[in-house]
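Here the structure is laid out as structure tokens; the discussion comes afterwards.
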Amino acid sequence: MVDAREWGPRLRFSAPPRLVVEFYREQERNLAAPFLLYGSGDFHYLTALRLRRIAEPIALVSFDNHPDWDVRPPKWGCGGWVNRALELPHVRRVSVWGCGNFECWWPHQIFGNRRAERGGILEVHPWADDRPAKDRQRKGAILRENWREHFERFLKTLAGENVYVTIDLDCLCADEAVTNWEAGRYTIVDLEWALGKLRGSSPIVGGDICGAYSKPKYARFKQRFAAEFDHPKIRLPDEGNIRATNLATLEKLWPLLARPL
């Protein structure tokens, strides 16, 4: 366990490139661990730094309530980190599962990396259960009743390729995880099934889990303004319930993800 909390206010939500470089130089050895558990989903872009430490070609599989594919500034932020991953030559493709918010749908999708999606190196799989019938035809759209079928078809395309798995707990429903963002629609049972299927089809060479709630603290005014504007207003349970809920979830998911090859 490494205490890097002094970096929290500076890196939360977004950070200028010079700070990201400084953090990487200081924590490079710790980021090299094959499997890592770290803080709020506000720091999810640190996954892109971890991917630098992997030498072999990989496919990145993300379970997240957000596609994190925004092409707008800042370069380093939790809303656009997938693009930093795609810049790495050994990241062959990225597949994001369980997106439940508005970013995958018109008109907000114009800010996403549609070029990578059209090019086949980025897949997003948003829930379409509560969308109009025409939206269910969107490329990658999934329903509760058929998402496992879509996932199994996806696994066949991996053909044993090395996989890195990242899990943002906000992909889970509100009863099973408390995060700084909107709750998703997956259950723990869903993720247990998906991780089992992944392990049965491809080597998982690395992974991480983030997303557990932490009280926001910021180092810069613009950073705070952008983060507070972007975050949803959430009614939170008391601190004890937050911790108990998230620990119970991590105790189930961590052994499945971090199991040695």
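Which pairs have Cβ atoms under 6 Å, sit 6 or more apart or on different chains, and link a residue in the range 16-32 that is over 22 Å from R220 (Cα atoms) to one that is assigned to a helix (DSSP H, G or I) and among the basic types (K, R)?
L31/R50; A32/R53
Answer yes or no as to whether D168 is acidic (D, E) and under 29 Å from G39 (Cα atoms).
It is true that D168 is acidic (D, E) and under 29 Å from G39 (Cα atoms).
Would you be able to say whether some residue in the range 6-21 is aromatic (F, W, Y) and over 26 Å from G100 (Cβ atoms)?
Among the residues of the range 6-21, at least one is aromatic (F, W, Y) and over 26 Å from G100 (Cβ atoms), which makes the answer yes.
Among the residues that make up the range 66-85, is at least one of them without any contact (Cβ under 8 Å) to a residue 40 or more places away in the chain and closer than 23 Å to I188 by Cβ?
Within the range 66-85, one or more residues are without any contact (Cβ under 8 Å) to a residue 40 or more places away in the chain and closer than 23 Å to I188 by Cβ.
Here is a check on your reading of the model: is G8 touching a strand residue (DSSP E or B) at 6+ places or on another chain (Cβ under 7 Å), at pLDDT 95 or above and of a type in the set (G, A, S)?
Answer is no for this residue.
Give all pairs with beta carbons closer than 7 Å in which a residue from the range 180-204 that is over 19 Å from P67 (Cα atoms) meets a residue that is aromatic (F, W, Y) and assigned to a helix (DSSP H, G or I); count only pairs at least 6 apart in sequence or on separate chains.
As it stands, the answer is K197/F151, since those pairs meet every condition given.
For the range 12-43, name all the residues that are touching a Phe, Trp or Tyr at 6+ places or on another chain (Cβ under 6 Å) and under 30 Å from F151 (Cβ atoms).
Hits for the range 12-43 are G41, D42.
For every residue, the table says whether it meets (1) assigned to a helix (DSSP H, G or I); (2) crowded, with 20+ Cβ neighbours inside 10 Å; (3) among the hydroxyl-bearing types (S, T, Y).
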{"site": "E6", "(1), (2), (3)": "yes, no, no"}
{"site": "R10", "(1), (2), (3)": "yes, no, no"}
{"site": "F23", "(1), (2), (3)": "yes, no, no"}
{"site": "R29", "(1), (2), (3)": "yes, no, no"}
{"site": "R50", "(1), (2), (3)": "yes, yes, no"}
{"site": "V61", "(1), (2), (3)": "no, yes, no"}
{"site": "N65", "(1), (2), (3)": "no, yes, no"}
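Which of (1) under 27 Å from K75 (Cα atoms); (2) out of contact with any helix residue (DSSP H, G or I) (no Cβ under 9 Å at 6 or more places or on another chain) is the odd one out, the single condition I209 does not satisfy?
Of the numbered conditions (1) under 27 Å from K75 (Cα atoms); (2) out of contact with any helix residue (DSSP H, G or I) (no Cβ under 9 Å at 6 or more places or on another chain), the odd one out for I209 is (2).
Checking the structure you have, find out if any residue of the range 145-156 is farther than 14 Å from S62 by Cβ, modelled with pLDDT of 95 or more, out of contact with any strand residue (DSSP E or B) (no Cβ under 6 Å at 6 or more places or on another chain) and not in a helix (DSSP H, G or I).
yes
Taking the condition of being touching a Lys or Arg at 6+ places or on another chain (Cβ under 8 Å), surrounded by fewer than 23 Cβ atoms within 10 Å (Cβ to Cβ) and under 25 Å from Y218 (Cα atoms), how many residues in the range 80-96 meet it?
Adding up the residues that qualify gives 1.
Run E192 past the list (1) in contact with a Leu (Cβ under 8 Å, 6 or more places away or on another chain); (2) at pLDDT 95 or above; (3) more than 30 Å from E239 (Cβ to Cβ) and report the number of the one that doesn't hold.
(3)
Take the range 13-65 and flag every residue that is aliphatic (A, V, I, L, M) and under 11 Å from the mean Cα position of the chain (by Cα).
Hits for the range 13-65 are L46, A48, L60, V61.
The values are calculated or read from the model by the stated rules, or taken from the named source; none is laboratory data. None of the values given here were measured: they were computed from a predicted structure. Quick reminder, even Gly has a Cβ in these numbers, built from the backbone with ideal geometry, and neighbours come from all protein chains shown.
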